[in-house]
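Contents: one structure, followed by commentary.
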Amino acid sequence: MRPVVPVALMTAATLVGCGGHAVKIDPKAQPVANRWNAVLATPAGLAGAIQVRGSGWLAPDPKDPAQSKAHVEITNAAPGGVHPWHIHRGQCGNDMGILGPADAYKPLKVGGDGQAKADAELPIAMPAAGEYFVNVHASAQNMSTIVACGNLAPPAH
């Protein structure tokens, strides 16, 4: 006879240790140590008006090292909003131009829960050095207003 109680206790302890939420593992996710990573926040000038948060990354394409993949996710955005986004050279507040073709970045479409995510496939190799950041624009008609920005930290080598 197999010990049913210890297995049930281990399962319960695992769920409690994870805050009672099931942990999802995405087998397609890029390894964190191999990519540039950013935490996005609303710039100080808009604090109090909006508080968009999020994350983004830039990673090599696992199938083609001459290309790279970019990803962004935001939360606490206005439901129904459509926000263009890009990875740029430079740092938040010091824009030195979009990395790759602008049309490779499909806009974020915010759902009823205030969340959105998007991916971009860039026809360039992932940079080995430099300064880069992710920004999210207010709208296609208001590209000069940035609702979220985050500097990309280089991969751990």
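The values are calculated or read from the model by the stated rules, or taken from the named source; none is laboratory data. Predicted, not measured: the structure shown is a model, and the values here were computed from it. FYI the Cβ positions are ideal-geometry reconstructions off the backbone, even for glycines, and counts take in every protein chain you see. Side chains are part of the model used for accessible areas, which takes the heavy atoms of the whole protein and leaves out ligands, DNA and RNA. Shrake-Rupley method; radii C 1.70, N 1.55, O 1.52, S 1.80 Å.
What the table shows:
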item: Candidates 30, 91, 67 - the one that is surrounded by 12 or more Cβ atoms within 10 Å (Cβ to Cβ) and at pLDDT below 95; result: 30
item: Selection status of residue 103, open to solvent by 60 Å² or more (accessible area, probe 1.4 Å) and either farther than 22 Å from residue 33 by Cβ or of a type in the set (Lys, Arg) (or both); result: yes
item: Test: residue in the stretch 87-98 that is more than 21 Å from residue 45 (Cβ to Cβ) and charged (D, E, K, R); result: yes
item: Residues of the stretch 79-101 satisfying the condition of being among the small types (Gly, Ala, Ser) and within 12 Å of residue 140 (Cα to Cα); result: 81
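Residues checked against (1) exposed (fewer than 15 other Cβ atoms within 10 Å of the Cβ); (2) among the hydrophobic types (A, V, I, L, M, F, W, C); (3) under 16 Å from the mean Cα position of the chain (by Cα):
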{"residue": "62", "(1), (2), (3)": "yes, no, no"}
{"residue": "79", "(1), (2), (3)": "yes, no, no"}
{"residue": "108", "(1), (2), (3)": "no, yes, yes"}
{"residue": "118", "(1), (2), (3)": "no, yes, yes"}
{"residue": "142", "(1), (2), (3)": "yes, no, no"}
{"residue": "150", "(1), (2), (3)": "no, no, yes"}
{"residue": "153", "(1), (2), (3)": "yes, yes, yes"}
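Here is a yes/no grid of residues against (1) under 27 Å from residue 137 (Cα atoms); (2) under 18 Å from the mean Cα position of the chain (by Cα); (3) at pLDDT below 95:
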site: 19; (1), (2), (3): no, no, yes
site: 24; (1), (2), (3): no, yes, yes
site: 35; (1), (2), (3): yes, yes, yes
site: 44; (1), (2), (3): yes, no, yes
site: 52; (1), (2), (3): yes, yes, yes
site: 74; (1), (2), (3): yes, yes, no
